[in-house]
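Laboratory data are not the source of any read-out in this text; all were calculated from the coordinates shown. Treat the numbers as computed from the prediction; the structure is a model and nothing was measured. We place every Cβ from the backbone using ideal geometry, glycine too, and count neighbours over all the protein chains shown.
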Amino acid sequence: MFGGSRPSLPAFKKLIYCLAAIFYSNNMGINSDPEVRRAYQLAWIKRRRQDWFSDKQCVDCGSKERLELDHIDPEQKVSNSIWSWSQKRRDEETAKCEVRCYCCHKSRSAKQCREWFSRPITHGTVTAYLKRKCKCSICSEFYKKWRRNKYERIGK
């Protein structure tokens, strides 16, 4: 089938994705197989992501390798699974981002994390208890009340 030589793993994966896409799009009854459907969906999402990043580069170092989206304001982040969204919704989310390579994104996120943890804790909040791990009496009492109210609202 391959002319005597074994294909590289990426080439073999690409072949499998292509075959899955052909079977899925031809609606030959094979699309009911979850593995084939998943392979098609993964290939479709990967292609969409690659197309978007094809003409982009890192805003910090100019690299074109291992590009990622970095939210300018992490509080505005809706999700990181945007490649299956509609064009309009995806554009709204990418407008809140900058393109960075993996290394630059990692270092910027670490810096943001250090800054966030160096801010003073606002006691008596869910964030102080859950994210900042403050177990003082103020935070503990607030969390107990918040949790009780939460479960009363949802009926558990």
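Some values worked out for this structure:
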item: Which listed pairs, of 77/111; 14/46; 77/131; 106/135; 46/88, have C-alpha distances above 20 Å, in listed order; result: 106/135
item: Theoretical FRET efficiency, 1/(1+(r/R0)^6), r = Cβ-Cβ of residue 131 and residue 109, R0 22 Å, to 0.05; result: 0.90
item: Reachable aspartates and glutamates, given that their alpha-carbon falls under 17 Å from the alpha-carbon of residue 64 and they are not under 8 places away in the same chain; result: 51, 55, 98
item: Anisotropy class of segment 56-119 from Cα gyration tensor, a/c 1.5 cut; result: oblate
item: Estimated inter-spin distance, residue 80 and residue 138, nm [label 7 Å along Cα→Cβ]; result: 3.2 nm
